[in-house]
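The values are calculated or read from the model by the stated rules, or taken from the named source; none is laboratory data. Note that the coordinates shown come from a computational prediction; the quantities given were computed from them, not determined experimentally. Positions of Cβ are generated from backbone atoms using ideal geometry, with glycine treated the same way; all protein chains shown enter the neighbour counts. Note: accessible area is taken over every heavy atom of the protein model, side chains too, but ligands, DNA and RNA are not part of it. Shrake-Rupley method; radii C 1.70, N 1.55, O 1.52, S 1.80 Å.
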Amino acid sequence: MGAFKEPHGGELKNLYLQGNAAAAEKQAAGEYPSWDLTERQLCDIELILNGAFSPLEGFLNRDDYAAVLDGMRLVNGVLWPMPITLDVSEAFAADLSSGDKVALRDLEGVIIATLEVGDIWTPDKEAEAKAVYGSNDDKHPAVHYLKHVAHPVYVGGKLTGIEAPMHYDFKHLRDTPAELRSRFKKLGWRKVVAFQTRNPMHRAHQEITLRAARDVEANLLIHPVVGMTKPGDVDHYTRVRCYEHLLTQYPEQTSMLSLLPLAMRMGGPREALWHAIIRKNYGCTHIIIGRDHAGPGQDSKGKDFYGPYDAQELLQAHADELDITMVPFRMMVYAENRAQYIPIDEATDADQTLNISGTELRRRLQEGLDIPEWFSFADVVAELRRTHPPRDRQGLTVFFTGLSGSGKSTIANALMSKLMEIGGRHVSLLDGDVVRKNLSSELGFSKEHRDLNIRRIGYVASEITKNGGIAICAPIAPYAATRRHVRETIAPLGGFIEIHVSTSLEECEKRDRKGLYALARAGKIKEFTGISDPYETPENAEMVIDTIDISPDLAAHRILVKLESMGFIR
Ligand code: PPS
C-alpha cells in the first residue's frame, strides 16, 4: 500500500467484492428486501465501502452506537466520534429480522451493497443530539436533520460492496483512500497536510495552507467536501472550478486537489476529530484545523454552538492515539499597512487589518460590487460571479396571494406587460385559473388539493427562477404554511417576493365579477374561500396592495418600483 501512516484501527478497509463474486451477490440481492438510500446514506456508504471510514465495516450496531455516543469510541476501544447509522421507516423495519439480508440501492435503483442485518432499534434522537452535538436546538443542521428528516428506526450490520456509487462530475478529481495513497507514493510525498473545506477558497485560505505546508515541510492536499455541506453553501460545481483556479497559485508540484464525497454534520469538535481520522485513512500525515472548524454558527438564542477553538482542544487531547498531526491555525486577517496576511493574534495596534465576511461577500456579489484583489484571486471571483450574478440578472418569482376577485390576475397581467416592455428576462404568468386548467385540472378545493395546487405552482416557479426567468404567480394560496414552503423552495434559487392583494371580502363580494360569491352564499359552490373556507392573512409579505385605493396600472407600477429598489430590475 505504501502507507507512511497506518490507517485508523490498523487496516484500510475495502468492502467491495470483485468480478464474479460481485456479479453473484448482485444477482442474489435481486431477491432481498430493498432500501433506497437517501442522499446522506449514499455519502456515508461510499466512504464505508472504500475505507475512508476505516475501521467501520458497516452501519453501527446498537452497542457500538451507544459507545460512540457515550465516549466517542467503538466497543473495541477504537476512537470514533460520529454515529454512522442507517435510518429506515417503521414499515420497512417491521418486516426485518436480525440475520436477514437487504439490498441497498442508489437513487436510480442500482444495487450498491448488501447489508447483513444486525440490530434493529428505535433510537432516542433527543439523547443522540445532546450526546453528539451537545444541543437539541433545531437551528443546528444535524439536529434538525436527525429530528425532522432522518427515519425513526436504525438498522445496523455489515456491508458487502457490489458497485461504487456513480459520479458523473469531476471524475479526474475523485480518489479512494487507496488511490490517493498510491498517488502520494508515486510522487514521493512523504508528508502531506490536508486542508478540509466546504467554502470557496480565497487569499486568506491560500495563505494558511501555504504556511502550514511550509511550517511542517509537507506537501498540500486540498480536500474539499463535495457530498453534503451546510444548507445554503455555494454548490460544489462552482467551488471545484474555484479550487482548480486556486491550485495554479501554489508552487508547482507541491499541491494536489481531490474531492471528498462526505456528508458533513457540522458537528464542531467531534466532527473535526472525524475529519482527522478520515484524512489519516487517505494517507495524510497532518490536518489543518482553523477557527471554529465545522461549526454550524449560532443557536436559536444567538449563542455560538461551539467555542472557536474547541475543535483544536479536542484534537489536542487525543493527539497520541489519533496519529495524524494537527496544524492549528488562528484566523488570518489582511494587514493593509504590511500588504500581507497575518494571524489575528499577531496584529498590533499599529496594523490596519481588513476582512470581508461571508455575508459581505454575498452582498457584494448580489449587487455586483467590487471585490478587492487583496481578498481573492481574479479568476476565483469571476467564477463566483458566473454562478451568482447580480440580482438584476438572477431569476425571480413574484407571488401574489389574495381572495378570489381581489384583483390578483389583473395586476399580475399589468406587471407582466411592464416587465416584458423592460425586457432582458423571459416572463411566465402562472395565474390561478390558467393553472387549474393546464396543470391541476383534476384538483378541487379541499385543503389537500389547494396545497397540492400551490406546491405545483411553486415547483414550476422554482424551475423558472433557477433558470433566470421571471415567474408571476397569482393563486389564492390561502394557507400560510404552504406559502412558506414555496418561499423556502424558491428563495435559495433567486429572488422571491410575496404580494398580498388585500382587497376586503366585502369589496370582493360587492364586485363579484364572476358571480361566484352569489353562488357561494347560496350554497351552490362549497368550500369557497372567505365564505365557507379559510384565508390565512399573510404576515410577512413584501408588499400589501388594496385595490380600493389604487388602479391595477398604478399597483403594477408600485411593484416595479419595489423590484427596482431591491435590485431585481435596473
Ligand atoms: S387555491 O386555493 O390557491 O388553490 O385557488 P386557485 O387555484 O387560485 O383557484 C381559485 C379560482 O378558482 C375559482 N373557484 C374557487 N375559488 C375559491 N374557492 C372555491 N371553492 C372555488 N371554486 C372555484 C375562482 O374563480 C378563483 O379564481 P380567482 O382568479 O382567484 O378569482
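Mind telling me which of the residues SER532, SER551, SER565 ends up being within 28 Å of LEU369 (Cβ to Cβ), of a type in the set (Ser, Thr, Tyr) and free of Cβ contacts under 8 Å to residues at least 40 places away in the same chain?
Sole residue among the options that is within 28 Å of LEU369 (Cβ to Cβ), of a type in the set (Ser, Thr, Tyr) and free of Cβ contacts under 8 Å to residues at least 40 places away in the same chain: SER565.
If I ask for residues that are among the polar types (S, T, N, Q) and under 25 Å from ALA129 (Cβ atoms), which ones from the range 85-118 would you list?
Of everything in the range 85-118, those that are among the polar types (S, T, N, Q) and under 25 Å from ALA129 (Cβ atoms) turn out to be THR85, SER89.
Residues of the range 297-329 being in a strand (DSSP E or B) and open to solvent by less than 50 Å² (accessible area, probe 1.4 Å), which ones?
MET326, VAL327
I'd like the full set of residues that are part of a loop (DSSP other than H, G, I, E, B), closer than 24 Å to ILE457 by Cβ and either open to solvent by less than 60 Å² (accessible area, probe 1.4 Å) or among the acidic types (Asp, Glu) (or both), limited to the range 517-530.
Selection gives ILE525, GLU527, PHE528, GLY530.
Looking at the range 386-427 only, could you name the residues that are within 16 Å of the ligand (Cβ to nearest atom), under 28 Å from the mean Cα position of the chain (by Cα) and either open to solvent by 50 Å² or more (accessible area, probe 1.4 Å) or among the hydroxyl-bearing types (Ser, Thr, Tyr) (or both)?
THR397
Residues checked against (1) more than 31 Å from the chain's Cα centre (by Cα); (2) not acidic (Asp, Glu):
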position: ILE490; (1), (2): no, yes
position: GLY495; (1), (2): no, yes
position: GLU509; (1), (2): yes, no
position: GLY515; (1), (2): yes, yes
position: ILE531; (1), (2): yes, yes
position: ASP546; (1), (2): yes, no
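Looking only at the range 60-90, which residues are of a type in the set (Gly, Ala, Ser) and on the phi < 0 side of the Ramachandran plot?
ALA66, ALA67, GLY71, SER89
Output yes when any residue across the range 133-143 is closer than 21 Å to LEU260 by Cα and open to solvent by 10 Å² or more (accessible area, probe 1.4 Å), and no when none is.
Yes - at least one qualifying residue is present in the range 133-143.
Find the residue count for the range 514-529, including only residues that are touching a residue at least 60 places away in the same chain (Cβ under 8 Å) and near the ligand (Cβ under 8 Å from one of its atoms).
Residues meeting the conditions: 6.
So which residues in the range 428-471 are touching a residue at least 40 places away in the same chain (Cβ under 8 Å), within 13 Å of the ligand (Cβ to nearest atom) and aliphatic (A, V, I, L, M), if there are any at all?
Hits for the range 428-471 are LEU429, LEU430, VAL435.
Have a look at PRO492, PRO478 and point out the one that is at pLDDT 95 or above and either open to solvent by less than 40 Å² (accessible area, probe 1.4 Å) or more than 9 Å from the ligand (Cβ to nearest atom) (or both).
PRO478
Has the range 531-541 got any residue that is more than 16 Å from the ligand (Cβ to nearest atom), open to solvent by 30 Å² or more (accessible area, probe 1.4 Å) and in a loop (DSSP other than H, G, I, E, B)?
Yes, there is a match, as at least one residue in the range 531-541 is more than 16 Å from the ligand (Cβ to nearest atom), open to solvent by 30 Å² or more (accessible area, probe 1.4 Å) and in a loop (DSSP other than H, G, I, E, B).
What are the pairs, 6+ residues apart or on separate chains, where a residue within the range 399-415 that is on the phi > 0 side of the Ramachandran plot and in a loop (DSSP other than H, G, I, E, B) has its Cβ under 7 Å from a residue that is at pLDDT below 95 and within 9 Å of the ligand (Cβ to nearest atom)?
GLY405/ARG513; GLY405/LYS514
Tell me which of these ASP70 doesn't satisfy, since it passes every other one: (1) over 26 Å from HIS8 (Cα atoms); (2) open to solvent by 50 Å² or more (accessible area, probe 1.4 Å).
(1)
Do you know which residues across the range 375-385 are part of a helix (DSSP H, G or I) and open to solvent by less than 20 Å² (accessible area, probe 1.4 Å)?
Across the range 375-385, the qualifying residues are VAL380, VAL381, GLU383, LEU384.
Taking the range 326-367 only, how many residues are at pLDDT below 95, under 23 Å from ASP310 (Cα atoms) and touching a His at 6+ places or on another chain (Cβ under 9 Å)?
Residues in the range 326-367 being at pLDDT below 95, under 23 Å from ASP310 (Cα atoms) and touching a His at 6+ places or on another chain (Cβ under 9 Å): 1 in total.
Could you name every one of the helices (runs of 4 or more DSSP H) located completely within the range 59-134 that has at least 3 residues being at pLDDT 95 or above and under 25 Å from the mean Cα position of the chain (by Cα)?
Qualifying helices (runs of 4 or more DSSP H): 125-133.
Filter the range 3-27 for residues that are in contact (Cβ under 8 Å) with a residue 60 or more places away in the chain, over 26 Å from GLY77 (Cα atoms) and either in contact with a Phe, Trp or Tyr (Cβ under 9 Å, 6 or more places away or on another chain) or among the aliphatic types (A, V, I, L, M) (or both) and give the result.
LEU17, ALA22
Conditions tested, residue by residue: (1) touching a Leu at 6+ places or on another chain (Cβ under 8 Å); (2) open to solvent by 40 Å² or more (accessible area, probe 1.4 Å); (3) of a type in the set (D, E, K, R); (4) over 20 Å from PRO177 (Cα atoms).
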position: PRO224; (1), (2), (3), (4): yes, no, no, no
position: LYS230; (1), (2), (3), (4): no, yes, yes, yes
position: HIS236; (1), (2), (3), (4): yes, no, no, yes
position: GLN249; (1), (2), (3), (4): no, yes, no, yes
position: PRO261; (1), (2), (3), (4): yes, no, no, no
position: MET266; (1), (2), (3), (4): no, no, no, yes
position: ARG270; (1), (2), (3), (4): yes, no, yes, yes
